[in-house]
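Take a look at the structure set out below.
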Amino acid sequence: MPGRWLRRSPARGRIGAVFGARLETTEAIAAGYIAGAREVNPDLAVDVRYLTAHPNLSGFGDVAGQERAAMDIFETGADVVLGDAPITVAARLSADGQQRWAIGSDLDRRAASDPAQAAVVLTSVLIDRAGATEQILELISDGRSDDDLTLGLVSGLTSLGGRAAAAAPYEALLADLEAQISSGAITVPVTVP
């Protein structure tokens, strides 16, 4: 059963995400995260927090604020929280005997973190910035700077990083969902409903 991991005990059927600021890009990531979670478990509660909103980008530098938001999400029952600050919080909670997980962003956080933190990273959302930059420059040079740039699996500019052993039973499911998204069989929303 694909959603077993998200529904099994001690999982409480709740996940979250923490972003430094509310922007089109962070909303698109949140929308995809929510849609993916609900594809596996339609009843899953998802708590998304933004510290600030455009044009105030100070939330990206507020690591303590991001950690407080992550702690609050974990304390309200989440087992998994997306974001880099949640890695530190999940590692602290797990060290205290409360297994919690984080999903990193931008880098493969399992490879880039110290062992205690790497142990709580399920996976990371990786963005191929070189490919995105190339597409942006191509749009500008063609005079199409108003066109939308599509990131994500369809474009080949986004992927998942190394995964924890706890995710191993879901490799086939992840590969199937990734293939369906890449082929266009599943359309990932870019706005939160």
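The values are calculated or read from the model by the stated rules, or taken from the named source; none is laboratory data. Remember, it's a predicted structure, so these values are computed and weren't measured experimentally. Using ideal geometry, Cβ is built from the backbone for each residue, glycine included, and neighbour counts are taken over all protein chains shown.
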- [ ] Could you list, in sequence order, all residues of the stretch 155-172 that are at pLDDT 85 or above and farther than 25 Å from residue 115 by Cα?
- [x] 172
TODO: Would you check if there is a residue in the stretch 142-165 being among the aliphatic types (A, V, I, L, M), assigned to a helix (DSSP H, G or I) and closer than 27 Å to residue 66 by Cα?
DONE: yes
- [ ] Output the residues belonging to the stretch 129-154 that are over 23 Å from the mean Cα position of the chain (by Cα) and at pLDDT below 75.
- [x] 145, 146, 147
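Evaluate the following for residue 126: is it closer than 19 Å to residue 80 by Cα, at pLDDT below 75 and either touching a strand residue (DSSP E or B) at 6+ places or on another chain (Cβ under 8 Å) or not basic (Lys, Arg) (or both)? Steps first, please.
On the way: closer than 19 Å to residue 80 by Cα: yes; at pLDDT below 75: no; either touching a strand residue (DSSP E or B) at 6+ places or on another chain (Cβ under 8 Å) or not basic (Lys, Arg) (or both): yes.
Answer is no for this residue.
Restricting the search to the stretch 34-68, which residues are in a helix (DSSP H, G or I) and either at pLDDT 95 or above or within 20 Å of residue 88 (Cα to Cα) (or both)?
58, 59, 60, 61, 63, 64, 65, 66, 67, 68
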- [ ] Report, ordered by the first and then the second residue, all pairs with beta carbons closer than 7 Å, sequence separation of six or more or different chains, a first member in the stretch 114-142 that is among the hydroxyl-bearing types (Ser, Thr, Tyr), and a second member that is surrounded by 19 or more Cβ atoms within 10 Å (Cβ to Cβ) and assigned to a strand (DSSP E or B).
- [x] 123/103; 124/103; 124/104; 124/105
Open item on the list: Could you go through the stretch 87-99 and let me know if any residue there is surrounded by fewer than 20 Cβ atoms within 10 Å (Cβ to Cβ), part of a loop (DSSP other than H, G, I, E, B) and not polar (S, T, N, Q).
Closed with: yes
TODO: Go through the stretch 5-19 and count every residue that is modelled with pLDDT of 50 or more, on the phi < 0 side of the Ramachandran plot and surrounded by fewer than 23 Cβ atoms within 10 Å (Cβ to Cβ).
DONE: 3
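Kindly indicate whether residue 110 is at pLDDT 85 or above and under 14 Å from residue 78 (Cα atoms).
On the way: at pLDDT 85 or above: yes; under 14 Å from residue 78 (Cα atoms): no.
So residue 110 does not fit the description; no.
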